[in-house]
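Everything below concerns the one structure shown next.
None of the figures in this text is laboratory data; all of them are computed from the coordinates on show. These figures come from a predicted structure and were not determined experimentally. Glycine also receives a Cβ, built like all others from the backbone with ideal geometry; neighbour counts cover every protein chain displayed.
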């Protein structure tokens, strides 16, 4: 693994002990070579239950590295989506708590006046 990938995994708190790694026979074109060698990497991150399969390269080591990069990408995306969801929730709460503008207040006052005038017109005329 490259140093940058190791640093990235440390930053995301992905430990090798949390990973289940299997090597499986590949599929697709490639004939006898792909049918005999187990170069496809199956990677499962236990805490998040994210599963990655990689068969980009003929090299098992390269596939291991690519699978770990994809796992990091997926976890980063998941965390970013969660952060954005929380930010949206905070923004909604802020929007609900805000005070109505002067124009909105004027419209509400106008609607109230209209409604009260309508009700006054329904009353019996005394006389």
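Only one of the values [x] 16.2; [y] 20.1; [z] 7.4 was calculated from this structure for mean projected area of the Cα convex hull in nm²; name its label.
Evaluating mean projected area of the Cα convex hull in nm² on these atoms matches [x].
Under 8 Å for C-alpha pairs, at least 6 residues apart: give me the relative contact order for region 3-76, rounded to a whole percent.
26
Based on the mean of other beta carbon atoms within 10 Å per residue, what is the order of 119-126, 37-44, most packed first?
Highest mean packing first, the order is 37-44, 119-126.
Taking the Cα atoms only, what angle lies between the long axis of helix 102-122 and the longest principal axis of the chain, rounded to 10 degrees?
50
Note down the relative contact order for the chain as a percent, whole number, built from C-alpha pairs under 8 angstrom at least six residues apart.
16
With everything on Cα atoms, drop me the angle between helix 60-97 and the longest principal axis of the chain, reported from 0 to 90° to the nearest 10.
Approximately 10 degrees, to the nearest 10.
Go ahead and set up a Gaussian network model of the chain, Cα springs under 10 Å, then flag whichever of 97, 22, 80 fluctuates most.
97
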